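> Structure below; questions to follow.
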There are 2 protein chains.
Amino acid sequence: MPAGPDLATLRAAHERIRPYIHRTPVMTSRSLDELAGARLFFKCENLQKTGSFKIRGAMYTILSLGEAEARRGVVTHSSGNHATAVAYAARLRGIPAYVVMPSNAPQVKRQAVEAFGGKITLCEPTLAAREAAAQKIIEQTGAVLVHPYNDERIIAGQATAALELLEQVSELDLVLAPVSGGGLLSGTAIAVKSLRPRTEVVGAEPAGADDAFRSLATGHLVPAETPQTIADGLRASLCPLTFQILRERDCRIVLVREEEIVAAMRLLWERLKLVVEPSGAVPAAPLLCHTSAAEGRNVGVILSGGNVDLDHLPFS
Amino acid sequence: MPAGPDLATLRAAHERIRPYIHRTPVMTSRSLDELAGARLFFKCENLQKTGSFKIRGAMYTILSLGEAEARRGVVTHSSGNHATAVAYAARLRGIPAYVVMPSNAPQVKRQAVEAFGGKITLCEPTLAAREAAAQKIIEQTGAVLVHPYNDERIIAGQATAALELLEQVSELDLVLAPVSGGGLLSGTAIAVKSLRPRTEVVGAEPAGADDAFRSLATGHLVPAETPQTIADGLRASLCPLTFQILRERDCRIVLVREEEIVAAMRLLWERLKLVVEPSGAVPAAPLLCHTSAAEGRNVGVILSGGNVDLDHLPFS
């Protein structure tokens with residue numbers, strides 16, 4: 001048995017979350033096709049509820065909890081899109097969401113969580129402090145930890161973006177998604193390889209946070225120690241579960257440089273007229289900078305999110 | 001007979017241009033609905049070919065030219081979205097497009113016109129110089145002037161955005177569009193009033209370029225002398241044709257302040273994840289700033305375009 005949830009689980013997850021999420025559109029641009037020398041199909045998860053694909057996994061996981069378990073609430077120590085998604089999904093289920101955030105998290109991220117009724121606990125900006133604060137909440141409340149990627153339910157939920165993409169575009173030679181902890185990419189790999197075994201799945205990763213690239217190249221998990229990238233959603237590292245899924249499904253990783261991320265983001269804003277966050281632009285970068293061997297092919301690109309701070313844009 | 005093209009002409013224009021334009025989507029946002037206290041339906045002309053609704057009128061006008069007439073080419077002295085649209089439409093028809101631009105026009109606007117093969121003539125940044133340069137080209141080449149709004153074909157073309165919106169959303173109480181020369185607003189008024197006589201049509205206009213407001217209030221055309229607004233697409237003034245259409249169709253004009261335009265633009269970017277230009281955000285401003293008496297109603301909003309210079313954004 002290969003690692004991770006199977007296709008039937010992915011489909012069940014999709015049925016379960018369908019009433020709560022958008023079936024996001026797929027957009028195209030003739031000028032970007034010309035630039036890439038390929039036919040590009042952009043799956044617009046920036047237009048998803050809460051502004052990113054993260055609601056898919058969070059919603060499925062939170063809907064999967066038993067009544068008694070759910071009543072005690074959920075906890076997470078993400079500071080980004082996953083935290084917003086957990087707060088949103090918990091509110092829909094009518095249960096508390098406890099979110100541990102580093103004290104230096106941007107105001108805009110705190111506001112998003114608070115807007116959905118999440119209860120924020122601030123802590124020192126270290127992983128150890130975040131884990132300790134989450135552990136303390138679990139002990140005090142009995143809340144369930146909703147991990148951003150090390151969980152088969154999360155992976156099944158994130159995979160539903162690719163399930164939709166495969167329904168929306170029939171002939172894809174290649175699907176690109178960003179990779180961080182690997183929840184989205186491993187779910188994408190399971191969906192694509194189950195339904196279209198000959199379609200290639202490629203993860204795009206910032207060169208400054210290249211743990212997935214090095215892990216798959218060496219065959220050993222190599223966590224990123226000091227990730228440095230503008231793509232604030234891509235600073236986590238693979239876990240054993242996502243690493244194994246990516247290995248077994250023959251995922252390839254392509255690295256992108258910081259200036260390529262910004263250039264791709266700018267092109268997406270200018271040509272697609274879509275607000276895409278740096279992490280979301282990462283899978284477009286290899287196409288628009290011709291480093292992905294996509295020429296002449298039909299390529300699906302998962303634009304994973306659109307939550308940016310408009311006061312701090314990387315242009316000009 | 002009321003002034004302007006009739007519904008049959010609008011429908012013929014739509015049939016004619018349909019193969020060349022996008023049927024743009026209508027987007028919604030629960031959080032913006034909550035903010036406005038209304039149900040908002042955003043017609044996304046920022047996602048239109050060339051990045052604005054202007055391609056609708058330009059395409060229809062250029063397709064309407066006779067063979068001999070068309071062969072000599074078309075000329076315009078707009079420096080904005082209309083120029084890009086004329087260049088694009090002319091290229092599709094395979095005829096020359098001559099575009100007169102002020103020497104201080106932004107580089108990005110020149111590049112857009114050049115990308116579609118438009119031939120640019122630079123002139124002094126005055127209306128007199130632009131008209132003289134266009135006249136000289138007409139004398140030398142026999143090219144046909146494609147006016148940005150003072151033309152029934154242009155108005156019929158621009159009206160097709162509202163035709164689509166009325167098909168896409170069945171129950172609208174109110175439709176808002178920006179107003180400048182009045183091509184889009186008068187076309188919208190004809191479409192809406194022909195098909196839904198009880199639906200209100202409102203033009204949104206920057207307070208710093210309030211000629212339509214003053215013209216309709218006084219019953220006399222009062223051109224804007226020194227329009228001052230960030231909404232660079234809304235600095236023109238009504239012409240007798242568009243003025244008469246707006247009067248006969250009972251259009252109301254609502255004025256918006258500069259800070260309301262920027263606030264609305266920011267909300268559209270943050271919540272809809274759409275790149276909308278300042279002019280395109282103008283019709284959203286009265287809704288999001290509660291100056292339009294839209295509370296509790298179903299409101300269509302024409303987001304007219306998405307061409308912005310990312311190096312010069314009004315945020316922060």
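FYI, it's all coordinate maths here, none of it is from the lab. No experiment lies behind these values; they were computed from the predicted model shown. Methodologically, a virtual Cβ is constructed for each residue, glycine included, from the backbone with ideal geometry; neighbour enumeration extends over all protein chains shown.
> For the protein assembly as shown, give the share of DSSP beta bridges that are antiparallel, in percent and rounded to the nearest 5; count only bridges with both residues there.
Looking only at bridges with both residues in the protein assembly as shown, the antiparallel portion is about 10 percent.
> Go ahead and estimate [θ] at 222 nm for chain B from helices alone: -39,500 (n - 2.57) per DSSP H run with n ≥ 4, summed, over the residue count, rounded to 500.
-12000 deg cm²/dmol
> Restricting to bridges with both residues inside chain A, how much of the DSSP beta-bridge set is antiparallel, in percent to the nearest 5?
Approximately 10 percent, going by the DSSP bridge assignments.
> R0 = 25 Å: FRET efficiency of B:E259 with A:D309, Cβ-based, nearest 0.05?
Step by step, r from the Cβ atoms, then E = 0.80.
> Measure nothing but the geometry: give the 0 to 90° angle between the long axis through the Cα atoms of A:183-195 and the longest principal axis through the Cα atoms of chain A, rounded to 10°.
Between the helix axis and the principal axis of chain A, the angle is about 60 degrees.
> On to the next question. How well do other chains shield peptide A:301-313, expressed as the mean number of their Cβ atoms within 10 Å of each residue Cβ?
Mean shielding by partner chains, rounded to a whole number: 3.
> Between the alpha-carbon centers of segment A:210-289 and segment B:135-154, tell me the distance in whole angstrom.
Comparing the Cα centres of segment A:210-289 and segment B:135-154, I get a distance of 50 Å.
> Angle check, please: helix B:127-141 long axis (alpha carbons) against the longest principal axis of chain B (alpha carbons), in degrees 0 to 90, nearest 10.
Approximately 50 degrees, to the nearest 10.
> Can I ask one more? Want the number for A:Q168 to A:R93: 0.36 nm per residue separation, take away the alpha-carbon distance, what's left?
Net length gain for the segment: 24.1 nm.
> Give the lysines whose C-alpha is closer than 21 Å to that of A:K54, dropping any in the same chain fewer than 8 places away, or say none.
A:K43, A:K109, A:K119, B:K273
> Using 0.36 nm per residue of separation minus the Cα-Cα distance, give me the extension gain between B:E15 and B:V108 in nm, one decimal.
Stretched fully, the B:E15-B:V108 segment lengthens by 30.3 nm.
> Could you list the GluC sites (Glu not before Pro) in segment B:207-287 that lie in coil according to DSSP, counting only those with at most 12 other Cβ atoms within 10 Å of their Cβ?
Answer in residue order: B:E225.
> Give me the net charge of B:V256's neighbourhood, meaning all other residues with Cβ under 12 Å from the Cβ of B:V256; Lys, Arg count +1, Asp, Glu -1.
-4
> Between copies, how far apart are the A:L145 label points? List them in nm, one decimal, shortest first, with each point 7 Å from Cα toward Cβ, please?
Inter-copy label distances (nm, one decimal, shortest first): 7.3.
> Set the Förster radius R0 to 56 Å, insert the Cβ-Cβ distance between A:L145 and B:L145 as r into 1/(1 + (r/R0)^6), and round the FRET efficiency to 0.05.
The computed FRET efficiency comes out at 0.25.
> Then there's this: What shape does segment A:144-226 have by the C-alpha gyration tensor, where a ≥ b ≥ c are the square roots of the eigenvalues, rounded means a/c under 1.5, and otherwise prolate means a/b greater than b/c and oblate the rest?
oblate
> Hey, another quick one. Sort A:301-311, A:90-100, B:50-60, A:21-31 by the packing proxy (mean of other Cβ within 10 Å over each peptide's residues), most packed first.
Packing order, densest peptide first, comes out as B:50-60, A:301-311, A:90-100, A:21-31.
> Also, quick follow-up: Give me the base-10 log of I(q)/I(0) for the protein assembly as shown at each q in 0.07, 0.12 Å⁻¹, Debye formula, one uniform scatterer per Cα, rounded to two decimals.
Results for the protein assembly as shown at q = 0.07, 0.12 Å⁻¹ read -0.47, -1.19.
> What are the distances, in nm and sorted shortest first, from the label point of A:A293 to the label points of the same position in each other copy, with each label point placed 7 Å from Cα along the Cα-to-Cβ direction?
When each copy's label point is compared with this one, the spacings are 6.5 nm.
> Further question: Nm distances between the label at A:R16 and the same-position labels in the remaining copies, 7 Å along Cα→Cβ, shortest first?
For A:R16, the inter-copy label distances come out at 5.6 nm.
> Which percent of the Cα-Cα distances in segment A:55-145 go past 20 Å?
For segment A:55-145, the share of Cα pairs beyond 20 Å comes to 27 percent.
> Please rank B:D173, B:D210, fewest neighbouring Cβ atoms within 10 Å first, as an exposure proxy.
B:D173, B:D210
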